[in-house]
Amino acid sequence: MNVGHAIRLCRIKRGASQGAVASQANCSVSYLSMLENNKRDPTLSTLSRVAQALQIPVGLLFVLASEKDDLGPIDDKTAGKLMQCAHSSLTKPTNATAQSGEHHG
């Protein structure tokens, strides 16, 4: 499982900077960078905050982080469709807070 890759992929596809995501996820930019580079193992709570900052369901991070062996007994065709759907859901959000770094709430 490559959670760091999934976080970076989502952040880039969302058009968000590390600073904006880190601010909204209540962590430092250096910590987010370490997550993206798989130098830290985040807690579920941290992943939930990062997903919320990216305006995606936390489960999407797990799907995008999955490698072939992580998906269990599903066939390659189904796995491919799952990944295709996950990737297509990563358009930029209509709410610009992921880009601007504003934190509401």
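The values are calculated or read from the model by the stated rules, or taken from the named source; none is laboratory data. Treat the numbers as computed from the prediction; the structure is a model and nothing was measured. Every residue, glycine as well, gets a Cβ built from its backbone with ideal geometry; the counts of neighbours run over all protein chains shown.
Values as computed for the structure displayed
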{"item": "In the stretch 1-34, the residues that are touching a residue at least 24 places away in the same chain (Cβ under 8 Å), within 15 Å of Arg49 (Cβ to Cβ) and assigned to a loop (DSSP other than H, G, I, E, B)", "result": "Ala16"}
{"item": "Hits in the stretch 35-94 - residues which are assigned to a helix (DSSP H, G or I) and more than 26 Å from Gly15 (Cβ to Cβ)", "result": "Lys68, Asp69, Asp70, Leu71, Asp76, Lys77, Thr78, Ala79"}
{"item": "Total residues in the stretch 1-35, condition over 22 Å from Asp69 (Cβ atoms) and of a type outside the set (Lys, Arg)", "result": "21"}
{"item": "Qualifying residue in the stretch 46-60 (condition: over 17 Å from Gln84 (Cα atoms) and in contact (Cβ under 8 Å) with a residue 60 or more places away in the chain)", "result": "no"}
{"item": "Ser33 under 13 Å from the mean Cα position of the chain (by Cα), among the small types (Gly, Ala, Ser) and surrounded by fewer than 19 Cβ atoms within 10 Å (Cβ to Cβ)", "result": "yes"}
{"item": "Some residue of the stretch 66-79 being β-branched (Val, Ile, Thr), surrounded by 15 or more Cβ atoms within 10 Å (Cβ to Cβ) and modelled with pLDDT under 95", "result": "no"}
